[in-house]
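S.K.: Next up is a structure, given as structure tokens.
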Amino acid sequence: MIKEREDFLRKLLIFFDAFVIVFSFFLAYFLRQYIHSFYRFDLFPEDVVFGELHSFRQYSILLSFVLPLWSLMLIFGGMYKSFRVRGYLKAIWIIIRSAVFTGIFLSTILFIFKLDFVSRSFLILFFSVAASLLILEKLFIIFFFRYVRKKGYNYRNLLIVGTGRRAENFIRLIRAHREWGFRIVGLIDNDKELLGKVVERIKIIGLLKDIPELLHREVVDTPFLAQSFRALYQGL
């Protein structure tokens, strides 16, 4: 159920980002086409700073290159991996990097196919608008999900396999980042004498052989291995 929900959300984000890119393309063309209305100071009277654009029908060819190209850059750049532990700076970096690589590939395409009608000022305007809107969108999404999780919603329950130092450090990390939305339901070890004891205020609720039963009995979304199996089996 969780995987299906995450796949749906991922597809929704990809679709919405594609919409933002298309919208930015239309907006940049409109702004560039009517920039003379805003450019009232003739600083360079002998030069044409902003010439007339070709028809949007010609520019739509450019959009057919940009949209799939930028979408693929975002996908392979890791934009649609889990937002649960995604930071603001990481999201901004992915968008800027994808914009740069898309711009490089697009420039190559323009050169190969000799699409000289494309305005460089339009490209600068388009990439600036699209990147800015994508960044604002992602910052809002990250902020929204963090706010929701801090209110106690959209949590994922973890079952930690292991009780050593790695498990202790992981528990502290989870507690320090409530915005990630993880809850620890219990710990697993292979030492019967440790059953019922507490590590970092988390109870040891079972052995390795009990994992299938615990996954069925408890509401566990993700088991997390915080110790090697070799270390777990050392006592056998």
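The values are calculated or read from the model by the stated rules, or taken from the named source; none is laboratory data. Quick caveat, the model's predicted, so the values are computed rather than measured. As a convention, Cβ positions derive from the backbone with ideal geometry for all residues, glycine included, and neighbour counts pool all protein chains shown. All accessible areas refer to the heavy atoms of the entire protein, side chains included, with ligands and DNA or RNA removed. Shrake-Rupley method; radii C 1.70, N 1.55, O 1.52, S 1.80 Å.
S.K.: Could you work out the helix-only [θ] at 222 nm for the chain, with each DSSP H run of four or more residues adding -39,500 (n - 2.57) and the total divided by the number of residues, to the nearest 500 deg cm²/dmol?
M.R.: About -19000 deg cm²/dmol.
S.K.: Give me D for the chain in µm² s⁻¹, whole number, from Stokes-Einstein with Rh from the Kirkwood sum over alpha-carbon pairs, 25 °C and 0.890 mPa s.
M.R.: Using the Kirkwood radius from Cα pairs, D works out to 113 µm²/s.
S.K.: Let me ask something additional. Please go through the residue pairs LYS150/LYS203; LYS150/LYS192; LYS151/LYS197; LYS11/LYS203 and name each one whose alpha carbons sit more than 26 Å apart in this structure.
M.R.: Pairs exceeding the cut-off: LYS150/LYS192; LYS151/LYS197; LYS11/LYS203.
S.K.: May I ask you to give the solvent-accessible area per residue for the range 113-236, in square angstrom, as obtained with a 1.4 angstrom probe?
M.R.: For the range 113-236, the solvent-accessible area averages 61 Å² per residue.
S.K.: Separate question: Please give every one of the lysines within straight-line cross-link reach of LYS90, meaning a C-alpha to C-alpha distance under 16 Å, and leave out same-chain neighbours fewer than 8 residues apart.
M.R.: Partners within reach: LYS81, LYS138.
S.K.: What order do ARG166, ARG5 take when sorted by accessible area (1.4 Å probe), most exposed first?
M.R.: Ranked list, largest accessible area first: ARG166, ARG5.
S.K.: Taking only Cα atoms, what is the 0 to 90° angle, nearest 10, from helix 165-176's long axis to the longest principal axis of the chain?
M.R.: Taking Cα atoms only, the helix is inclined about 50 degrees.
S.K.: Which whole-number percentage describes the relative contact order of the chain, with Cα contacts under 8 Å and a sequence gap of 6 or more?
M.R.: 18 percent
S.K.: What is the helix-to-structure angle for 56-76, meaning the angle in degrees between its Cα long axis and the longest Cα principal axis of the chain, kept from 0 to 90 and rounded to the nearest 10?
M.R.: Once rounded, one gets 20 degrees.
S.K.: Which distance in Å, rounded to a whole number, links the C-alpha centroids of the range 176-221 and the range 88-165?
M.R.: Each part reduced to its Cα centre gives a spacing of 36 Å.
S.K.: Next question. Charges only on Cβ, +1 for Lys and Arg, -1 for Asp and Glu: so what's the dipole of the range 150-226 about the Cα centre, in debye to the nearest 20?
M.R.: 400 debye
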